[in-house]
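The values are calculated or read from the model by the stated rules, or taken from the named source; none is laboratory data. Please read all numbers here as calculations on a predicted model, not as lab measurements. Glycine gets a Cβ as well: all are built from the backbone with ideal geometry, and neighbour counts include every protein chain shown. Surface areas here come from the heavy atoms of the whole protein model, side chains and all, with no ligands, DNA or RNA. Shrake-Rupley method; radii C 1.70, N 1.55, O 1.52, S 1.80 Å.
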Amino acid sequence: GTYTVDLTDAIVVQGYIPAFGQTQKIKVDNKTLFELPFKKSRLISGQISVELDSLSNIKFTPDGIKVTAMDSLSHAFSALSDGDGRFSIYVPAGVYLVSLNPDAFDEKIKPEVMAFTADLTAQENKNIQFIIKQQKRKVRLLKN
């Protein structure tokens with residue numbers, strides 16, 4: 001039969017990705033040998049910083065935020081940020097829209113910029129910094 005192999009979450013050698021995409025179809029006959037070629041990848045990395053009001057009691061950390069890199073053909077590559085807000089995504093050469101998951105934010109806490117463009121056609125790596133800020137509180141002074 002024909003099977004679909006999804007390599008999206010596969011652990012691969014850093015710096016290399018499957019040459020023919022993350023998802024591939026394989027036709028299996030009696031005896032099938034399937035070769036999986038890899039090619040050199042580009043790296044989108046960066047950090048997510050959180051700036052909260054010093055008097056805030058809101059707890060919001062930069063870990064576990066989904067970062068997605070999407071190319072012009074809508075191929076998506078993603079990663080979750082670690083405990084320090086760092087992330088790394090290996091992608092083929094191309095131009096990507098790198099964005100944060102909008103569902104992780106609300107009106108009180110949101111990124112200054114939700115997405116950046118990363119052109120990895122000529123350069124090997126791109127470093128992106130996302131800054132998430134808490135909305136400034138308004139202070140009302142009441143006179144007696």
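Points worth noting:
- Mean Cα-pair separation over length for segment 77-144, i.e. relative contact order, pairs under 8 Å, 6 or more apart, %: 28
- Equivalent-ellipsoid semi-axes for segment 6-144 (Cα gyration tensor, √(5λ), whole Å, largest first): 40, 15, 12.
- Averaging the sequence gap over all C-alpha pairs within less than 8 Å and six or more residues apart, then dividing by the number of residues, gives segment 31-144 a relative contact order of 31 percent.
- Sulfur and carbon atoms: percent of accessible area, the chain [1.4 Å]: 52
- P(r) tail fraction, segment 74-119 - alpha-carbon pairs more than 16 Å apart, %: 46
- With at most 16 other Cβ atoms within 10 Å, longest stretch of the chain clear of loop trypsin sites (Lys or Arg not before Pro) (DSSP): 60-107
- For segment 12-103, the per residue solvent-accessible surface stands at 63 Å², with DNA, RNA and ligands left out and a 1.4 Å probe.
- Exposure ranking of 71, 103 by accessible area [1.4 Å probe, largest first]: 103, 71
- A cut-off of 5 Å between modelled amide H atoms, ignoring neighbours fewer than 5 places along the same chain, links residue 133 with 51, 110, 112.
- 3J(HN,Hα) along segment 113-120: 10, 7, 8, 10, 9, 10, 9, 10 Hz, from the Karplus curve 6.51 cos²θ - 1.76 cosθ + 1.60 with θ = phi - 60°, whole Hz, x for Gly and Pro.
- Lysine-lysine proximity count for the chain, Cα under 16 Å, sequence distance 8 or more or distinct chains: 11
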